[in-house]
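Asks: Take a look at the following structure, please.
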Amino acid sequence: MYIFVDENTASAAELLTLGLKTYLNNVTVVGRDTFDKGVGQVVFEDKRNRIIVYVVNHYWNVKQNNIMNAHIKPDIYVKGNKLDDFMRAVK
């Protein structure tokens, strides 16, 4: 299984990549270092009661480490941005 990542790969995509890479022995990460976004934000608004709740969450990988500032390093590095560049790396 090949997972393509680049500097725009963030949040849940990073967690999925880490989970698959950690627990499956047939996963190869292809591309460039990921974004390393370890936080997310959600706003819940109740206009009728005039309440807003701002929630900040932290993303943790399957080994219980926060992924902030911890780029996923690919197994195979790719320089270009085209799909062909990534495909060439796995052929």
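Asks: Filter the range 16-33 for residues that are in a helix (DSSP H, G or I) and surrounded by 18 or more Cβ atoms within 10 Å (Cβ to Cβ); which is farthest from the chain's Cα centre (by Cα)?
Replies: Ranking the qualifying residues of the range 16-33, first place goes to 21.
Asks: A further question on this structure: Could we say that residue 70 is in a loop (DSSP other than H, G, I, E, B), in contact with a Phe, Trp or Tyr (Cβ under 8 Å, 6 or more places away or on another chain) and small (Gly, Ala, Ser) here? Outline the logic, then answer.
Replies: Working: in a loop (DSSP other than H, G, I, E, B): yes; in contact with a Phe, Trp or Tyr (Cβ under 8 Å, 6 or more places away or on another chain): no; small (Gly, Ala, Ser): yes.
Against the criterion (in a loop (DSSP other than H, G, I, E, B), in contact with a Phe, Trp or Tyr (Cβ under 8 Å, 6 or more places away or on another chain) and small (Gly, Ala, Ser)), residue 70 does not qualify.
Where a number appears in this text, it was derived from the coordinates with a stated rule and is not lab data. As the structure is a computational prediction, the values presented were derived from the model and not from experiment. Cβ sites come from the backbone with ideal geometry, for glycine too, and all protein chains shown count toward neighbours.
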